[in-house]
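Pasting a structure below so you can have a look.
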Amino acid sequence: MHHQCKTASQQPGFLCEDSTACLLPSQLCDGKMDCPDGGDEAAAYCGQMPNSLPQNLIFKCPNQKTWTYVDRVCDTRNDCGDCSDESVPQCPECLGWRCDTVFFADCACIPRSRCRNGVQDCADWSDENLCD
Ligand SMILES: [Ca+2]
Ligand SMILES: [Ca+2]
């Protein structure tokens, strides 16, 4: 059983062995030691992903093909491959510009900082022509 904790944003996290650092789920097995003892990269957790990971820290994509970390749900990035991690009911409304996006990593909503930046993000170019 792993050590559970709540992150700064009140989401489930991973408590390091030192019992002070509470990591974001996506810091587990990311190839970078975030706990002082490197416990977040231990084979016990990273050997057979996602089954070896604490199950409350992962989100199984509805398409059953893949998974992501719970802190990657509703982060506007397409982690499931079909945007299903961005389509769950608890995701907030789009705060940027809504359109059919052209980049795989996007899910029908781009941040306003990418409007009129000279790069096409929307299939209909609305980010360059309409968004302000
Ligand atoms: Ca890590
Ligand atoms: Ca995501």
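Just so you know, all these numbers are worked out from the coordinates, no wet-lab data involved. In this text the structure is predicted, and so the values were computed from the model without any measurement. With ideal geometry, Cβ positions are generated from the backbone for all residues, glycine too; neighbour counts draw on all protein chains shown.
Where does the chain land on Rg(C-alpha)/(2.2 N^0.38 Å)?
Working: Rg = 17.5 Å, N = 132, 2.2 N^0.38 = 14.1 Å.
Dividing the Cα Rg of the chain by 2.2 N^0.38 Å gives 1.24.
I've got another one for you. So what is the relative contact order of the chain, in percent, for Cα pairs below 8 Å that sit 6 or more residues apart? All intermediate terms of the calculation are to be shown ahead of the outcome.
Working: 219 pairs, mean separation 16.1, N = 132.
12 percent.
Which of the lysines could be linked to LYS6 by a straight reach, that is with a Cα gap under 27 Å, when you skip same-chain ones fewer than 8 residues away?
Those lysines meeting the cut-off are LYS32, LYS60.
Sticking with this structure for a sec: With each pseudo-label sitting 7 Å past Cα toward Cβ, what's the ASP124-ASN56 distance in nm, one decimal?
Between ASP124 and ASN56, the label points sit 4.4 nm apart.
Nearest 500 deg cm²/dmol is fine: what mean residue ellipticity at 222 nm does the chain get from its DSSP H runs of n ≥ 4 alone, each adding -39,500 (n - 2.57), divided by its residue count?
Values: 2 runs with 8 residues, N = 132.
When only DSSP H runs of four or more count, the value is -1000 deg cm²/dmol.
Which peptide among 67-80, 93-106, 23-36 comes first, and what is the full order, when sorted by highest mean count of other Cβ atoms within 10 Å? Provide the component values of the computation, followed by the final result.
Details: 67-80: 19.3, 93-106: 14.6, 23-36: 16.9.
Put in order of decreasing packing, that is 67-80, 23-36, 93-106.
Counting Lys +1, Arg +1, Asp -1, Glu -1, what net charge surrounds CYS83 among other residues with beta carbon under 14 Å of its beta carbon? It would help to have the intermediate numbers written out before the result.
On the way: positive: LYS65, ARG72, ARG77, ARG98; negative: ASP75, ASP79, ASP82, ASP85, GLU86, ASP100, ASP106.
Neighbourhood net charge equals -3.
Next question. For region 1-73, what is the charge dipole size about the Cα centre, in debye to the nearest 20, if Lys and Arg each add +1 at the Cβ and Asp and Glu each add -1 at the Cβ? Intermediate results must be reported in sequence, preceding the final value.
On the way: 5 positive and 8 negative charges, 94 e Å.
That gives region 1-73 a dipole magnitude of about 460 debye.
Amide H neighbours of ALA21 under 5 Å, at least 5 residues apart or on other chains, H built in the peptide plane: list them.
CYS16
Given H placed 1.01 Å from N in the peptide plane, which residues other than close sequence neighbours of PHE59 have an amide H under 5 Å from its amide H?
Amide H neighbours of PHE59: THR68, TYR69, VAL70.
Report, largest value first, the span of the C-alpha coordinates of region 1-73 along each principal axis, in whole Å.
37, 27, 21
Still on this structure: Calculate, in nm to one decimal, what SER113 and LYS65 gain on full extension: separation in residues at 0.36 nm each, minus their alpha carbon distance.
Extra length from SER113 to LYS65 when fully extended: 14.1 nm.
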